[in-house]
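Some notes on the structure that comes next.
The values are calculated or read from the model by the stated rules, or taken from the named source; none is laboratory data. Keep in mind it's a predicted model, so treat the numbers as computed, not measured. Positions of Cβ are backbone-derived with ideal geometry, glycine not excepted, and every protein chain shown enters the neighbour counts.
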Amino acid sequence: MNLDPSSALVLFSGGQDSTTCLAWALSRYRRVETIGFAYGQRHAVEMEVREPVRRGLGALSADWAARLGPDRVVPLDVLGEVSVSALTADLPLGTRPDGLPSTFVPGRNLVFLTFAAIVANQRRLKHVVAGVCETDFSGYPDCRDDTVKALQVALNLGLEARLALQTPLMWIDKAETWALARTLGGDGLVDLIVERTHTCYLGDRSRRHDWGVGCGACDACRLRAAGWQRYRAGT
Ligand code: ZN
């Protein structure tokens with residue numbers, strides 16, 4: 001199947017990383033669509049901020065508005081049934097006996113990237129963009145560069161396709177992710193990410209900090225806050 005080289009499908013969750021990835025794709029490709037997954041997250045807040053964030057990106061730039069195509073949400077509730085983690089069940093946040101964080105959802109990114117690749121191939125979207133990061137993250141093995149590269153090979157073989165999995169955040173840390181957002185969309189994009197995106201593992205939307213909204217104590221909030229402080233110190 002001929003894929004359109006100036007098109008992309010962005011895995012978009014409504015968080016800081018995937019919003020930055022969506023802006024990155026809108027700056028680079030003429031046709032950009034988004035995909036999200038409902039997998040029985042304990043907190044569905046991320047799903048609720050997706051559309052306001054998409055609209056906010058379109059409002060920042062007429063070019064981006066023209067390039068931004070349809071969104072789709074794929075129900076994957078079965079993932080929450082077979083893959084137990086602190087994000088899908090009422091388990092404490094912390095570290096598992098094998099050293100991985102309890103928020104690790106086994107197989108999640110493998111499943112997401114596979115479904116995204118199926119959709120991208122059918123819609124002739126060449127690039128599949130994901131906000132996974134090896135540098136500054138909790139050590140999820142399916143966020144690593146080798147995992148993504150191996151999966152690209154498997155998907156292209158199995159789908160008889162030439163998709164390209166793009167991971168613009170793979171080698172940058174959270175401070176550099178804020179800086180990338182500023183480069184892509186100026187302070188307007190930084191403000192949109194602070195105000196609208198959701199990162200907190202506990203789904204807390206009641207506490208406002210200078211880096212955004214969240215509990216301020218979970219791993220995701222602490223990572224986001226520390227990155228923001230390093231970013232602000234450098235600007
Ligand atoms: Zn939090």
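For the range 34-63, name all the residues that are crowded, with 20+ Cβ neighbours inside 10 Å, acidic (Asp, Glu) and at pLDDT 95 or above.
none
Out of all the residues in the range 174-193, is one or more of a type in the set (Gly, Ala, Ser), within 16 Å of the ligand (Cβ to nearest atom) and not in a loop (DSSP other than H, G, I, E, B)? Before the answer, list the steps.
Within the range 174-193, the subset of a type in the set (Gly, Ala, Ser) is 175, 179, 181, 185-186, 188.
From what's left, within 16 Å of the ligand (Cβ to nearest atom): none.
No, that holds for no residue.
Does the range 132-145 contain any residue that is within 11 Å of the ligand (Cβ to nearest atom), closer than 19 Å to Arg108 by Cα and either at pLDDT 95 or above or buried (at least 16 other Cβ atoms within 10 Å of the Cβ) (or both)?
Within the range 132-145, the first condition is being within 11 Å of the ligand (Cβ to nearest atom), and the residues that meet it are none.
No - not one qualifying residue is present in the range 132-145.
Of the residues Ala164, Ala130, Ala225, Ala181, which is among the small types (Gly, Ala, Ser) and out of contact with any strand residue (DSSP E or B) (no Cβ under 9 Å at 6 or more places or on another chain)? Even if it seems obvious, please write down each step before you answer.
On the way: Ala164 fails: out of contact with any strand residue (DSSP E or B) (no Cβ under 9 Å at 6 or more places or on another chain); Ala130 fails: out of contact with any strand residue (DSSP E or B) (no Cβ under 9 Å at 6 or more places or on another chain); Ala225 fails: out of contact with any strand residue (DSSP E or B) (no Cβ under 9 Å at 6 or more places or on another chain).
The match here is Ala181.
Among the residues in the range 162-183, are any among the small types (Gly, Ala, Ser), buried (at least 21 other Cβ atoms within 10 Å of the Cβ), modelled with pLDDT of 95 or more and out of contact with any Phe, Trp or Tyr (no Cβ under 6 Å at 6 or more places or on another chain)?
Yes, the range 162-183 contains a residue that is among the small types (Gly, Ala, Ser), buried (at least 21 other Cβ atoms within 10 Å of the Cβ), modelled with pLDDT of 95 or more and out of contact with any Phe, Trp or Tyr (no Cβ under 6 Å at 6 or more places or on another chain).
Restricting to the range 217-229, give me the number of residues that are more than 6 Å from the ligand (Cβ to nearest atom), crowded, with 16+ Cβ neighbours inside 10 Å and not basic (Lys, Arg).
So the answer is 5.
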